[in-house]
Ligand code: TNX
């Protein structure tokens, strides 16, 4: 049997002979050799190894850093005589461990040699905790899944019309007044500083950088509920529990607005270790374009003042932004022309999140009980079989990342999150990694992995196109 590894490594050589049994002692040895330079990998292999039996150890087990490998890359070999793991860095080691665990979970697996490295430097998963709130334990479980499929960015959508979900230094009214509702008249919730730090540490352990998003200047009804002084007309706002978009925005130029934004961006920047923060920019439908661009330009300066680089939704393309700004492309329905001319910002990057191929909230079949269908349906094949440069109307050489997004207007529980993530997140993760597009092999790997999902109690969508065995 070939090893059912997702994302499939660029080279996977099968050696024809059955793989040897790897014993509890071998896993211990691997973990000990990983502990000081790849702690997440060590933990993950320890968890897996604790279920192994005490067969006799292999003659040779090694785990070593190898700086000659490409960033986040790994080389892994399991033969009669030895288990060897080499990796460029801690992330590469984690991905080697993911590959090893997946290979050893494949019944009757052969001896093999695998080498892999990511095609895209940024491989993201976005979770919307604004439309419905999800707390630390659920977010950690999504990190478990995303990091198992070698994603390295956790983008949290922390604010929207329906709720504000993150504590901010100096603005207690935000969480007190604007976090208590959601899209279906539930109680909402928010992350306090400790929660945020706990998520950030857990993400880092498993190779993921946290990118917080405050959506501006639109998608801001909840912000205005808490701080009506910065609404365009100065009038108070009510909690909003619908799913319309484009109806809210902050006063674009007032001193009050920029003082509040300075406080928010400052607080979040200080508490975020990654170099990027996301400041939105999407679906601002009723604001004059020149005023919007002036606002977005000023946001870029604000992020730079607080020492962060910016990620923005692609509608913001046009003005000049600080070096290294990322534009996240999500739909051909809005303002794509500016994406063809991006030379005004040096070092500008594009993250590909095209709907439907990266949109986990879209339905896998018509009339699915969860999700939306505004960009069509999103099947398992759609998640796996696409090319970022073809689906993204921007110069191919600027695309440095692929991110898959789960919006939660219709998603209320952790089980529902899992149903939308599995099995399609592994499909997008394969594209981000640059695996070959051998769909049949991918599907048989998915079937193998689904046994582990079931063991862990993850709900997943039993796509009728797949023979689940
Ligand atoms: C568009 S994606 C949005 C979100 C919605 C999503 C639903 C993006 C930048 N904006 O506000 O939740 O569609 O699929």
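The values are calculated or read from the model by the stated rules, or taken from the named source; none is laboratory data. Not measured: the values here are computed from a predicted model. Every residue, glycine among them, receives a Cβ derived from its backbone with ideal geometry; neighbour counts consider all protein chains shown.
Numerical summary
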{"quantity": "Scope region 37-66; condition part of a loop (DSSP other than H, G, I, E, B) and touching a residue at least 40 places away in the same chain (Cβ under 8 Å); matching residues", "calculated": "37, 38"}
{"quantity": "From 32, 87, 24, residue being surrounded by 21 or more Cβ atoms within 10 Å (Cβ to Cβ) and either in contact (Cβ under 8 Å) with a residue 24 or more places away in the chain or assigned by TED's automatic domain parsing to the domain that holds residue 110 (or both)", "calculated": "87"}
{"quantity": "Count - residues of region 3-21 that are in a loop (DSSP other than H, G, I, E, B) and closer than 30 Å to residue 437 by Cα", "calculated": "10"}
{"quantity": "Lone qualifier among 414, 409 - being under 19 Å from the mean Cα position of the chain (by Cα) and surrounded by fewer than 20 Cβ atoms within 10 Å (Cβ to Cβ)", "calculated": "414"}
{"quantity": "Residues of region 159-179 satisfying the condition of being within 16 Å of the ligand (Cβ to nearest atom) and touching a residue at least 60 places away in the same chain (Cβ under 8 Å)", "calculated": "159, 160, 161, 162, 164"}
{"quantity": "Unmet requirement for residue 427, which otherwise passes all of (1) surrounded by fewer than 22 Cβ atoms within 10 Å (Cβ to Cβ); (2) closer than 13 Å to residue 145 by Cα", "calculated": "(1)"}
{"quantity": "Filter result for residue 280 (within 16 Å of the ligand (Cβ to nearest atom), surrounded by fewer than 17 Cβ atoms within 10 Å (Cβ to Cβ) and in contact (Cβ under 8 Å) with a residue 40 or more places away in the chain)", "calculated": "no"}
{"quantity": "Exclusive hit being assigned by TED's automatic domain parsing to the domain that holds residue 402, more than 18 Å from residue 344 (Cα to Cα) and either surrounded by fewer than 18 Cβ atoms within 10 Å (Cβ to Cβ) or within 16 Å of the ligand (Cβ to nearest atom) (or both), set 220, 257", "calculated": "220"}
{"quantity": "One residue from 340, 301, 320, 326 being in contact (Cβ under 8 Å) with a residue 12 or more places away in the chain, within 30 Å of residue 373 (Cα to Cα) and more than 16 Å from the ligand (Cβ to nearest atom)", "calculated": "340"}
{"quantity": "Answer from 370, 398, 377, 360 - the residue that is surrounded by fewer than 21 Cβ atoms within 10 Å (Cβ to Cβ) and either away from the ligand (no atom under 16 Å from the Cβ) or closer than 27 Å to residue 342 by Cβ (or both)", "calculated": "398"}
{"quantity": "The listed residue being free of Cβ contacts under 8 Å to residues at least 60 places away in the same chain, in contact with a helix residue (DSSP H, G or I) (Cβ under 9 Å, 6 or more places away or on another chain) and surrounded by 23 or more Cβ atoms within 10 Å (Cβ to Cβ), out of 75, 71, 96", "calculated": "96"}
{"quantity": "Region 44-54, residues that are in contact with a helix residue (DSSP H, G or I) (Cβ under 8 Å, 6 or more places away or on another chain) and more than 13 Å from residue 91 (Cα to Cα)", "calculated": "45, 46, 48, 49, 50, 52, 53, 54"}
{"quantity": "Any hit, region 432-442, residues being in the same structural domain as residue 282 (by TED's automatic domain parsing), within 15 Å of the ligand (Cβ to nearest atom) and either surrounded by fewer than 24 Cβ atoms within 10 Å (Cβ to Cβ) or closer than 23 Å to residue 150 by Cα (or both)", "calculated": "no"}
{"quantity": "Residues (under 22 Å from residue 204 (Cβ atoms) and either modelled with pLDDT under 95 or not in a strand (DSSP E or B) (or both)) located in region 67-93", "calculated": "67, 69, 70, 71, 72, 73, 88, 89, 90, 91, 92, 93"}
{"quantity": "Filter result for residue 333 (modelled with pLDDT under 95 and either within 12 Å of the ligand (Cβ to nearest atom) or in contact with a helix residue (DSSP H, G or I) (Cβ under 7 Å, 6 or more places away or on another chain) (or both))", "calculated": "yes"}
{"quantity": "Residue count for region 227-254, restricted to those that are surrounded by 20 or more Cβ atoms within 10 Å (Cβ to Cβ) and under 21 Å from residue 172 (Cβ atoms)", "calculated": "4"}
